[in-house]
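Take a look at the structure below.
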Amino acid sequence: MRFLTVASVAGLFLLGACAQRSAWSVPVQPVDAAALAKVAPAGRLPGTARPDAYRVSLDLDPRQTHFSGYVEIDVALQAAANGIWLHGDDLTVSRVTATAGDETVEASWAEILDTGVVWVGFPRRLEARRVTLAIDYTAAFDTGLAGLFRVESQGKWYALAKSESIQARRFLPGFDEPGFKAPFEMDFTVPEGMHAIANTPEVSREAAGEGFETIRFSPTRPLSTYLLSAAVGDFDKVDRPALPPNDVRRFEVPLTGYARAGKGDELAFALDLTPEMMRVFEEMLGQPYPYEKLDIIAAPQWPSGATELAAAITYREGRILVGPNTGPALIRSVKEIHAHEIAHMWFGNLVTPPWWDDLWLKEAFAVWSETAVLSIMEPENNHELAAVADGIRAMSLDSLKGARAVAEPIDRNEDVRNAYDAITYSKGQSVIRMIDTYFGPEVLRPALGRYIARYADGEADSARFYEAIGKASGEPAIGEVFRSFVTQPGVPLVTARPVCGAGAAKIEFSQSRYRPIGSEISPGARWSIPVCAAWQDGANAGEVCTLLTGPQRTVDVRGAICPDVIVPNSEGSGYYRFDLPAENWRALTENFAALPAAEALVSIDSAQAGFNAGTLEGEAYLGLLEAGLVHPHGTVLIAALNAWDALLVQLGEGAEPARALAAAALEGRASPSEAEAALRLRGFRAGSLAEPEARAALIAEADAFLAGTGPLSSDLYTYALRAALEDGGTEMFDRVVAATSRIDEAVFLQAAADTLGSAASPQDAARALDLIYSGGISQQVTLSLATSLMNNPAHRDATWARITGDFPGFTARVPSQIRRATPRLARAFCDPAIIPDLEALFAAGSRDLAGHERALAETKEYLALCAAQKAHALEVLAPVLE
């Protein structure tokens, strides 16, 4: 525990004498820290005090190492108390007062838990009433891209607040929980001429001493602390016409972009998207955009992809800026993340989960909104397929025995960030999409609008959501489907078996929990699964649907004698994998080219899952993967290439026959018409297959790009740099490292970090690791660089030895928000023999690694599964590939 500077420290326990009605009148005694530590809330604060309003003044000069602040918090005491719990992390507090009515008394401040849980003690018991806390404090700008941090770029300094999820407490004393919503009045004193960005429009600006000015902002509507924006610096400001009123919204919304100096023009693409995207959101939900303005901010550095700070959405540059080299896959990604963050203005910001265990109510709906909105805006651009692929990605994590549920209790502040994973985001959106498809958009989407209107400016948990959606939609079963998928972990496995005879065809569906080879999962879980299966019987085809609530259900297939081609996940809309009898897998493979793209995607995933579970034979699996390489749709080709890459990694040194099989299947295939797929195929040919002509062409493009004499699509950065580094020796390594400083582009920086570990020379690998320890590469990509080195078998042992030999030094260079993920570096070993060393590394624990326990447990299980599945693949495929 840590104790912070206070002007005077009041006693924890009730004092006998009553205070006089004047400030600073009560003598104070030391806090009993040990007693407080035993009762301090490790997670949610008690409900005895709630904030009603904040008034905040911050002195922010990003050129300095520290900042100062003053906050007044109107607090509603629900019961008499001699102190209250709230939050403040590493703040140097110089004065705290509490005012009730016309009486002001001095109070104490003691940070009791490392997570920023603070006890504010009163000199005597205060009755239940309104109390105003006033707190003066200073703090250092954070050095780990958390809370209020500062960064330098091109000689200019910027300060930005990363408030989500529990980081507002690093720059603002308060009640740092999502359910504690209150209005804020903010003013910033900043260097004269610098831009300052908050959650509301600027209302005044006045001189505040030589070279400084104070900027005041209009009051906010009720906000959670994790949504607070505070950004200061010499940003490029890009003004756009205001979003005009429409049938849903009666007021205009000023639209502005901010980027670091020299990067403003690269916001044009995102700003151009915004008016139409906003219109679609408002019409789909029937609810107006809730804030007075909308700012789009490209941060010079940011620890995550983006954060939905209310009306001041803040992005990592590489996720929102579009420049001359931006490729089609990155363009799609920009559209998706922009839709995601705008969705949060309703899902999360306007209606907020009261605690982090219901994080899915904002994040899953934001991911789902990406597809829902972009499919309306661009119906021909395959956004539905992106949603299918996103759900599939979640199934890898959800296949672990120790997988968490979409919503499960979070009892410690240290575990809050662990909910920000593929389960919450990707599984959550896939479940919503499944329900939206099965019950119909005309049922779910209007109900969502009514839910938002009901809880606007307030909070709602899962139970309220289930009740509200069931009532608003008129479909009580919707709530039960949501509940069965949200409250239990795991991937359902739906087995479909045709039952034929007597002229009446049927399909028997059964469910269990998917269990890969090496897993100790019990298959006995049960879901309420909306199952739809596409079938074909000669010239006849159709679809059958059922709500599978028990272990098994048999459904009539009208119009069929005995269907042979069955895809038990029609349109790829369900969050489940499927299995089929061997003869039906063969029929599906033979007709694979005719499958709709979404059904081909889920078929590839289910075949891969079946092979890794030992239920699909190796020859059948390879046959389907070969069919995937010649499917006419580019998105399916990308999925097939990804599956081949995973197989080649599994086979390791024994992969050459499989590589030859993939090359033969691709022989003569024309370049796909979809640009994303064409670039992905180029990367596969040059990298995974090492085809000489393709590889030479890609290296030549990388060479010209690094020399400044030719373009290179950002979609090819990783493939081109990896090939160039593998073949180009120390000279190429030096050129790539030099380019990370010279090429002012976040996407290139990320690609360099992802590939520098590909260098052939052990000396160059050691120099790459030096970049992390010396600060020679941006902190936001240090973990990516370490992962790149670990993924190279030639450098793995040396990298691991150095990282573990100075682990505190390594983690100090990793953004604080993601240090908890460092156990995952050991996944590269694919061998449970490393587990004792891994456990020893994290046994001591530290504040900097808070919340690492989940990543450690997942990594230990992953290592066992990886080794078991690798052994299975080598054993089963060796005779097939001979």
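Here are a few things to note about the model shown:
- Here the relative contact order of the chain, from alpha carbon pairs under 8 Å that lie six or more residues apart, stands at 8 percent.
- Here the spin labels are modelled as points 7 Å beyond Cα on the Cα-Cβ line, and at Q64 and A593 they lie 7.1 nm apart.
- Relative contact order (%) - criterion: Cα under 8 Å, at least six apart; region: region 802-879: 38
- Sorting E467, E164, E520 by solvent-accessible area of protein heavy atoms yields E520, E467, E164, largest first, with a 1.4 Å probe.
- Overall, the chain carries a charge dipole of about 1720 debye about its Cα centre when +1 sits on the Cβ of Lys and Arg and -1 on the Cβ of Asp and Glu, all other atoms neutral.
- Accessible-area value, T437, 1.4 Å probe, nucleic acids and ligands omitted, Å²: 60
- By accessible area with a 1.4 Å probe, ligands and nucleic acids excluded, highest first: order of M345, M284: M284, M345
- Each of A343, L856, Q78 was scored by the projection of its Cα onto the charge dipole of the chain, and the greatest displacement toward the positive side belongs to Q78; charges sit on the C-beta of Lys, Arg, Asp and Glu.
- FRET efficiency estimate (nearest 0.05) - Cβ-Cβ, T554 to E480, R0 22 angstrom: 0.55
- Summing +1 for each Lys or Arg and -1 for each Asp or Glu among the other residues whose beta-carbon sits under 14 angstrom from that of L698 gives -2.
- Overall form of region 452-517 per C-alpha gyration tensor (a/c, 1.5; a/b vs b/c): oblate
- Hypothetical label at R669: residues of region 675-712 whose amide nitrogen lies under 20 Å (7 Å Cα-Cβ projection): 675-698
- Approximating the spin labels as points 7 Å out from Cα along Cα→Cβ, the Y773-to-E875 distance works out to 4.2 nm.
- Leading residue at positive end of dipole, region 475-560 (Cβ point charges), from P516, A533, V555: P516
- Solvent-accessible area of Y438 with every protein chain in place, 1.4 Å probe, in Å² to the nearest 10: 80
- Computed E for K471/R526 - FRET, C-beta separation, R0 25 angstrom, nearest 0.05: 0.50
- Difference of contour (0.36 nm per residue) and Cα-Cα distance, E127 to R586: 157.7 nm
- A 1.4 Å probe, protein heavy atoms only, puts the accessible area of I320 near 0 Å².
- Among K263, K870, the sequence by solvent-accessible area, most first, with a 1.4 Å probe is K870, K263.
- Computed [θ] at 222 nm, deg cm²/dmol, the chain (DSSP H ≥ 4; -39,500 (n - 2.57); rounded to nearest 500): -12000 deg cm²/dmol
- Mean Kyte hydropathy of -0.5 or more with a Cα span along the axis of at least 27 Å, helices from DSSP in the chain: 852-881
The values are calculated or read from the model by the stated rules, or taken from the named source; none is laboratory data. This is a predicted model, so every value here is computed, not measured. Reconstructed Cβ throughout: ideal geometry from the backbone, glycine too, with neighbour counts over all protein chains shown. All accessible areas refer to the heavy atoms of the entire protein, side chains included, with ligands and DNA or RNA removed. Shrake-Rupley method; radii C 1.70, N 1.55, O 1.52, S 1.80 Å.
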